[in-house]
Amino acid sequence: MVGIVLVSHSILLVEGIQAILGQMTQDAPPVVVAAGTGDDENPIGTDPIKILHAIKKAEQGDGVIVLMDFGSALISAEAAFDLLSEREQHNVFLSPAPFVEGALAATVQASLGAGVTTILEEVGAINRTKAKRLGVEDVGLYAATRNTDIPPARDRSEEISLIVPNQLGLHARPAARVAGTLGGYIAEVWLIRGADSANARSLNQMTMLTVQKGESIQFRAVGADAKDALSALLALASENFGDVDKPDFRLQGKNMLEGGIAAAPGSALGPIVWYRPEFPKIERKIVADAENQMVRLAEAIAMARIELSELEHMTSGNVDSAEEAEFFALHSMLLDDPYITCSAHDFITKSRYNAESAWAETIEKTMERYRTLQNEYVRGRAADVLDVGTRVLRALTEEEFRGPQLDEPAILVATDLGPSDMVNLDKNMVLGIVTQEGGATSHVAVFARALKIPAVAGVKTLIRPLLDGDIIGLNGSTGEVWISPDSRQRRALEMLRAQWDDHLQDVRSKAVEPAVTRDGKSVRVEVNVKSVDSIADAIQAGADGIGILRTEYLYLNRDSEPSEEEQYAAYSKAAALLNGEPLVISTADLGGENILPYLDKTSTERNVCFDKRGVRFSLAHRNLFLLQIKALLRTAAEYPIKILLPMVSQLTELREVYGVINEARAMLKKTSIPCVANIEVGVVIEVPSSVFLADQLAREADFFVLGGDDLARYVMVYDTKNSVLGTEYTELHPAILRIVRDIIRIAHEADIPVSVGGDITSNLQAVFVLVGLGIDSLAVSAASLEQTKDLIRTIVTSEAKELALEAMELPDANSVKSLIAMHCCTLYEI
């Protein structure tokens, strides 16, 4: 009997088909399912290894027919097919038939004893049969186009045309946003520029087109939701593809005879230290077991993806904007790019390379394609490919990453530096940076400006002869570099350095001053931190306090739960750094995407956004929660701390937490361990039910924190990873502003303070409105602290209040943006 394999992104979809099959066939043929990824966090997708095993299980000697739903299912099925031996491939057939009808027809025919040829003819006739019934003469007009390298004819597809508005064109980050936007659609989409085209789901193919500002492009799509996909792309394009055009720093400096491009302001003088990262040593091997190499590569990519997610999370709250964190999000997309993954799979399955050499060959060829491009900015993306490629190779070879290492203050010199090199730089040891490659928009420039490290990029061969210890000087504001400067040049550089240090000191001193509006309203500007190690930097930067100390870091990336003593030590260390100022510590927001391997696995929601998260998770794991509460009560006996509860949805949960606090206090007293008698407990208002029950919660909580990000996501119904709306669109929506207004009013009527945190506070337009609505405090990133305080000092509260009231009457977020821009740009320079 012929075996049938069903390849689908969704287990639920296949379960529905199986239910129908059960009613239509008695002598059921072997129908084997290869659906989903098997990953609880990201269940939607396909897996070549799972498909390979399904094919082998379905084979009973009469052949196997494989049916696939859409998109990457075809790529995964082809990869699985390539892993079969030549003899096995003769009996396996990948069918282009419609998934649902094809599955039903193939299974029925197989149950009747039909052979492979008969079944393939039967499923191949499905489109013709349906077309005849519907009166459609040209079946080809409705046939799915599966060659993702060649766009379909215009008369057989949907299409939009537009002019690229971005200053730097469709470079890597806007291309990544295009691919991310299409993640929620099944349509096949192409980007077309003249005679050239690219798969719009491939970051590499789109970037290599080097589309420039002002060029005309088309997006062409086929599929059931083609119009919706194009509408989403049109909305993304109207938002400048998510880019915020910034000044071209190359115009501020000049290419000196001995120098390069001004990358980050400031000057430096000192000895150099070369940083020459080495590509992991790879030995090419021809292997027989391609399946094992595919598994090894998949595991290495998964490990790299986890590392990148952690880096994105770490940088998102500690640098000047989302730009630096976005580099790591872009690298995650490179790991999923079909251009790269399919090439690596081909090297394994066809050339029989081991995983290391297959991946290295793919990365080298991809980099070479970037290096041959004319556009300087896009050519610089080869550094991204090298960075992410090296990360996967380290996972395969188990080599430890060693970034730039400085034993004493020096000027760091390199051919180029990637995000992984820059993110962990010790800014106290790096006097300045000089690179042979790169420019004003390179990784070096972006990170150096955020870290306030003077930098010059693109000096080409100027520094090539230098050795470690040679003295150079640089001016990052002009792009000048001095090799072995004489005494006069050294004095000039020392004077420039002193002026730069004075400037930084002036900036820091202003940041330390309180943020008071022009009419006398004081607004606390605090900084959220994700670990104890970030507190000292936040206080030094001028924060009025720590908005929230998150505690998830104590639970993640480990094999066992943190002990009470470990938590007590961490909380005490954090509180001691505040010199008597109160510290708000959030109980761990676990559950959802934050999976703890050391806990018994329980059933989870398919959508992790609606899983047991925050306080729900804590109450469901009472013993784990008790350890944290006991550590917090012990810390509160020595330092002024407050407890914050995330994801509270009803008053009952708050009361249950009070019960846990009483239980923990009793346990500590029983063992004569000092603990506080009373402790303030606040709740995060971030789910719709807590908004409607805010009056109840305000009567029993001690303070409110408005969780802007999750609240906007739940109220406006959008996914931060896939939606083209994003927080920039929703954070100023009148619905969100009305909620903020009501929560502030309810809190103040109950005589409790309310603060706002999240991405909304990184938007200065939103800060202006929040001050007008009467917020007591803001929690911002450390890098945006100075700018936020400066803005608040220019505001007249009555004007901000009047504008906020007007904004809440508008129909959408874009109207609110326009209103604020019209009223405030000239007055407040927002």
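The values are calculated or read from the model by the stated rules, or taken from the named source; none is laboratory data. Note that this is a predicted model, so its numbers are computed, not measured. Note that we place each Cβ from the backbone using ideal geometry, even for glycine, and neighbour counts take in every protein chain shown. We work out accessible area using only protein heavy atoms, side chains counted, and drop any ligands, DNA or RNA first. Shrake-Rupley method; radii C 1.70, N 1.55, O 1.52, S 1.80 Å.
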Checklist outcome for this item: Here, helices (runs of 4 or more DSSP H) confined to the range 359-438 with at least 3 residues that are out of contact with any His (no Cβ under 9 Å at 6 or more places or on another chain) and either open to solvent by less than 10 Å² (accessible area, probe 1.4 Å) or at negative phi (or both) are 382-397
Next on the checklist: Anything in the range 760-787 that is surrounded by 19 or more Cβ atoms within 10 Å (Cβ to Cβ), under 17 Å from Gly547 (Cβ atoms) and free of Cβ contacts under 8 Å to residues at least 60 places away in the same chain? List them, or say none.
Outcome noted: Ile760, Thr761, Asn763, Ala766, Val767, Leu770
Item to check | Yes/no for Gly473 being within 30 Å of Glu786 (Cβ to Cβ), crowded, with 19+ Cβ neighbours inside 10 Å, in contact with a helix residue (DSSP H, G or I) (Cβ under 6 Å, 6 or more places away or on another chain) and modelled with pLDDT of 85 or more | outcome: yes
Checklist entry - Within the range 754-787, which residues are in a helix (DSSP H, G or I) and more than 19 Å from Ala807 (Cβ to Cβ)? => result Ala782, Ala783, Ser784, Leu785, Glu786, Gln787
Checklist entry - Restricting attention to the range 538-567, which residues are open to solvent by 40 Å² or more (accessible area, probe 1.4 Å) and farther than 26 Å from Val754 by Cα? => result Leu556, Asn557, Arg558, Asp559, Ser560, Glu561, Ser563, Glu565, Glu566
Next on the checklist: Based on this model, can you work out whether Ile746 counts as modelled with pLDDT of 95 or more and in a helix (DSSP H, G or I)?
Outcome noted: yes
Next on the checklist: Filter the range 92-116 down to the residues that are under 18 Å from Ile75 (Cβ atoms), out of contact with any helix residue (DSSP H, G or I) (no Cβ under 7 Å at 6 or more places or on another chain) and free of Cβ contacts under 8 Å to residues at least 60 places away in the same chain and list them by number.
Outcome noted: Pro96
Item to check | Residues of the range 452-465 satisfying the condition of being touching a residue at least 40 places away in the same chain (Cβ under 8 Å) and either on the phi < 0 side of the Ramachandran plot or polar (S, T, N, Q) (or both) | outcome: Ile453, Pro454, Ala455, Val456, Ala457, Val459, Leu462, Ile463
Checklist outcome for this item: The condition of being assigned to a loop (DSSP other than H, G, I, E, B) and open to solvent by less than 60 Å² (accessible area, probe 1.4 Å) holds, among Ile679, Ile643, only for Ile679
Item to check | Among (1) open to solvent by less than 40 Å² (accessible area, probe 1.4 Å); (2) within 30 Å of Ala450 (Cβ to Cβ), the one test that Ser815 misses | outcome: (2)
Checklist entry - What single numbered condition from (1) closer than 24 Å to Leu778 by Cα; (2) surrounded by fewer than 21 Cβ atoms within 10 Å (Cβ to Cβ); (3) at pLDDT 75 or above; (4) in contact with a helix residue (DSSP H, G or I) (Cβ under 8 Å, 6 or more places away or on another chain) fails to hold for Ala570? => result (1)
Item to check | Residues (open to solvent by 10 Å² or more (accessible area, probe 1.4 Å), at pLDDT 80 or above and more than 20 Å from the chain's Cα centre (by Cα)) located in the range 168-191 | outcome: Ile186, Glu188
Checklist entry - Do you know which of the residues in the range 147-167 that are more than 15 Å from Leu209 (Cβ to Cβ), touching a Leu at 6+ places or on another chain (Cβ under 7 Å) and not acidic (Asp, Glu) is least open to solvent (accessible area, probe 1.4 Å)? => result Ile160
Item to check | Verdict on Pro485 being part of a loop (DSSP other than H, G, I, E, B), more than 21 Å from Met422 (Cα to Cα) and open to solvent by 30 Å² or more (accessible area, probe 1.4 Å) | outcome: no
Checklist outcome for this item: Pairing a residue in the range 289-306 that is at positive phi with any residue that is assigned to a helix (DSSP H, G or I), where Cβ atoms lie under 9 Å and the two sit 6 or more apart in sequence or on different chains, gives none
Checklist entry - Residues Arg655, Arg634: which one is among the basic types (Lys, Arg), at pLDDT 95 or above, part of a helix (DSSP H, G or I) and open to solvent by 60 Å² or more (accessible area, probe 1.4 Å)? => result Arg655
